[in-house]
Amino acid sequence: MKELDVIILGAGMSGLCMAIELKKRGVNKLEIIEKNSDVGGTWFDNSYPGACCDVPSALYSFSFEANPNWSRIYSPQVEIQHYFQHCANKYDLMPHIRFNSEVISADYQQENGKWLVTLANGEQLLSRIVVSGLGQLNKPNTPELQDANEFKGVSFHSARWNHDIDLRGKHVAVIGSAASAIQLIPHVAQQAKKLYVYQRSANYILSRGDREYSATEKYLFHTLPWTQKLVRLYYYLRQEGLFYGAMLSGSLRSKLIKWLAKRNLRSTIHKQALRDVMTPDYPLGCKRVLVSDDFYQALNSDAIDMVTSPISGLNASGVISDDKISRPVDVILYATGFRATEFLVPLRVHGENGIELNQAWQQGAEAHRGVALNGFPNFYMLYGPNTNLGHSSIIYMVEKQSRYIAQCIKHTFDNELRSLQPHASAQAAFNKRLQDALSETVWGEDCGSWYKNDSGKITNNWPYTTWRFGQEMKTVAFKEYQQET
């Protein structure tokens with residue numbers, strides 16, 4: 001059986017960042033297990049037309065690896081994936097990655113303080129440390145609709161785009177109208193003969209303000225790298241100073257963002273009836289605030305019908321809504337997001353005394369500082385519970401987490417510890433502070449979002465600024481941890 005110092009789950013942004021940080025610190029006996037055939041994680045999975053990040057690329061990139069070759073302020077999916085391929089090659093990670101492999105379970109061995117990791121092909125690995133880089137947005141959420149199996153056309157989720165299907169001249173239904181939907185709908189509308197968009201709730205949408213970088217800008221980024229660092233700093237301060245306000249209900253910044261969203265709606269949608277349908281009925285920031293330069297504009301087309309009546313089910317020819325109308329379509333596209341509160345599903349993780357992680361999380365996922373778990377020694381998570389953002393780049397958060405976890409791993413190795421895990425009291429105190437703070441944000445108000453689990457606990461988001469997260473994660477306070485030799 002192969003033995004390793006560290007196993008990292010996933011070769012997406014988080015897993016790559018963790019591996020780079022460990023190699024910098026001299027930890028080289030590591031392996032990254034990746035279910036796909038290439039790196040990139042969500043940027044490998046989400047290849048639908050129009051896919052891009054809603055954070056400017058100068059900020060949505062590693063601080064230690066600027067990319068002067070971005071074509072646009074908000075670069076498309078293919079460029080983002082190429083960026084992560086570049087990082088994997090530059091930092092010599094490819095020899096450490098096992099592609100087309102999936103971990104199905106990880107079991108803590110109390111007799112030796114190591115993790116037994118089992119792959120889908122039956123192979124088993126032994127490792128002192130396991131780090132999950134699976135994140136929050138990797139499991140597509142396809143709703144269970146009545147009689148869905150009776151539909152005779154083609155259907156697929158946006159995160160599993162079927163590139164063999166030609167949408168030209170077809171009748172298409174898009175179920176969902178949030179982050180992925182507003183990116184793909186303008187492109188689908190250019191091909192489809194008729195497009196029905198099924199909307200559960202309207203969204204606050206700001207103008208993206210995207211454009212190509214000029215030749216002069218690219219030249220400066222290449223020859224004077226500090227110019228791109230200034231651009232990155234500008235976007236960081238803008239997101240932190242302005243868009244952080246979206247989660248502060250009633251703040252001046254929140255009111256400004258709401259005004260900008262309403263102005264965008266009024267200036268781009270021509271018909272008042274459609275404006276009414278697209279006007280949110282909940283506080284700004286309670287659900288994710290979106291950005292787009294072409295979604296509202298696309299809705300002005302007579303080829304698009306916005307359907308707000310809830311879906312009651314499917315039949316052989318299409319979608320049936322509660323208004324008793326059956327709309328025949330050739331293709332159904334599910335732009336219905338991800339099972340974001342199910343952090344490691346379907347991976348089975350067993351810690352001390354055989355406790356299963358989902359049992360430990362019966363009341364909702366939580367972790368100490370978002371990365372470590374009492375009862376699960378030598379196990380860490382990146383982009384774990386309460387580390388998501390509503391206003392800035394998750395890469396910033398993951399870099400801070402990677403450095404924090406790397407400190408824990410080096411401390412374990414340097415001090416020849418058998419195990420390291422947070423004290424239950426430290427984890428409980430940390431999460432009480434977080435939940436108290438979250439209850440004061442707009443996410444604590446009475447509206448549904450993927451930030452909450454079914455019981456209403458906010459399991460995904462960080463309630464403070466990213467700067468504060470960086471300060472709190474700068475140095476590990478090992479007094480918060482139980483250390484066993």
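The values are calculated or read from the model by the stated rules, or taken from the named source; none is laboratory data. Here the structure is a predicted model, which is why all the values come from computation and not from measurement. In this analysis, Cβ positions are derived from the backbone assuming ideal geometry, glycine residues included, and neighbour counts consider all displayed protein chains.
For a quick check of your reading of the model, give me the residue pairs whose first member lies in the stretch 417-436 and is surrounded by 13 or more Cβ atoms within 10 Å (Cβ to Cβ), whose second is among the acidic types (D, E) and modelled with pLDDT of 95 or more, with beta-carbon atoms closer than 7 Å and at least 6 apart or on different chains.
Qualifying pairs under 7 Å: P422/E480; H423/E480; A426/E480.
Being in the same structural domain as H157 (by TED's automatic domain parsing), under 30 Å from D281 (Cβ atoms) and either in contact with a Pro (Cβ under 9 Å, 6 or more places away or on another chain) or of a type in the set (G, A, S) (or both) is the requirement here; does S317 meet it?
It is false that S317 is in the same structural domain as H157 (by TED's automatic domain parsing), under 30 Å from D281 (Cβ atoms) and either in contact with a Pro (Cβ under 9 Å, 6 or more places away or on another chain) or of a type in the set (G, A, S) (or both).
Which one of A11, A66, A19, A51 is touching a residue at least 12 places away in the same chain (Cβ under 8 Å) and either among the basic types (K, R) or touching a His at 6+ places or on another chain (Cβ under 8 Å) (or both)?
The unique qualifying residue is A19.
Here are T459, T412, T475: which of them is touching a residue at least 24 places away in the same chain (Cβ under 8 Å), under 23 Å from S132 (Cβ atoms), in contact with a Gly (Cβ under 6 Å, 6 or more places away or on another chain) and β-branched (V, I, T)?
Selected residue: T459, the only one of T459, T412, T475 that is touching a residue at least 24 places away in the same chain (Cβ under 8 Å), under 23 Å from S132 (Cβ atoms), in contact with a Gly (Cβ under 6 Å, 6 or more places away or on another chain) and β-branched (V, I, T).
Among the residues of the stretch 124-141, which ones are buried (at least 18 other Cβ atoms within 10 Å of the Cβ), more than 12 Å from L382 (Cα to Cα) and modelled with pLDDT of 90 or more?
L125, S127, R128, I129 - these are the residues of the stretch 124-141 that are buried (at least 18 other Cβ atoms within 10 Å of the Cβ), more than 12 Å from L382 (Cα to Cα) and modelled with pLDDT of 90 or more.
Quick one: how many residues across the stretch 182-207 are basic (K, R) and modelled with pLDDT under 95?
Qualifying residue count, the stretch 182-207: 1.
Is it the case, given these coordinates, that V188 is crowded, with 19+ Cβ neighbours inside 10 Å and assigned to a helix (DSSP H, G or I)?
The answer is yes for V188.
If you scan the stretch 34-51, which residues turn out to be surrounded by fewer than 22 Cβ atoms within 10 Å (Cβ to Cβ) and either within 30 Å of D414 (Cβ to Cβ) or not charged (D, E, K, R) (or both)?
Passing the criteria: N36, S37, T42, F44, S47, P49, G50.
Among A11, A19, which is among the small types (G, A, S) and either out of contact with any strand residue (DSSP E or B) (no Cβ under 9 Å at 6 or more places or on another chain) or part of a loop (DSSP other than H, G, I, E, B) (or both)?
A11
Say whether the condition of being over 26 Å from S254 (Cα atoms), crowded, with 21+ Cβ neighbours inside 10 Å and outside the structural domain of P280 (by TED's automatic domain parsing) is met by at least one residue in the stretch 437-448.
Within the stretch 437-448, not a single residue is over 26 Å from S254 (Cα atoms), crowded, with 21+ Cβ neighbours inside 10 Å and outside the structural domain of P280 (by TED's automatic domain parsing).
Under the condition of being surrounded by 19 or more Cβ atoms within 10 Å (Cβ to Cβ) and touching a Gly at 6+ places or on another chain (Cβ under 7 Å), which residue from the stretch 338-356 is nearest to R128 (Cα to Cα)?
Here the residue is G351.
Do we have L59 as in a strand (DSSP E or B) and more than 30 Å from Q191 (Cα to Cα) here?
no
Please tell me if R253 is surrounded by 13 or more Cβ atoms within 10 Å (Cβ to Cβ) and assigned to a helix (DSSP H, G or I).
In short, yes.
Does the stretch 190-225 hold any residues that are in contact with a helix residue (DSSP H, G or I) (Cβ under 9 Å, 6 or more places away or on another chain) and more than 14 Å from S71 (Cβ to Cβ), and which are they?
Once the filter is applied, which keeps residues that are in contact with a helix residue (DSSP H, G or I) (Cβ under 9 Å, 6 or more places away or on another chain) and more than 14 Å from S71 (Cβ to Cβ), the stretch 190-225 yields Q190, L195, V197, Q199, A202, N203, Y204, I205, L206, S207, L220.
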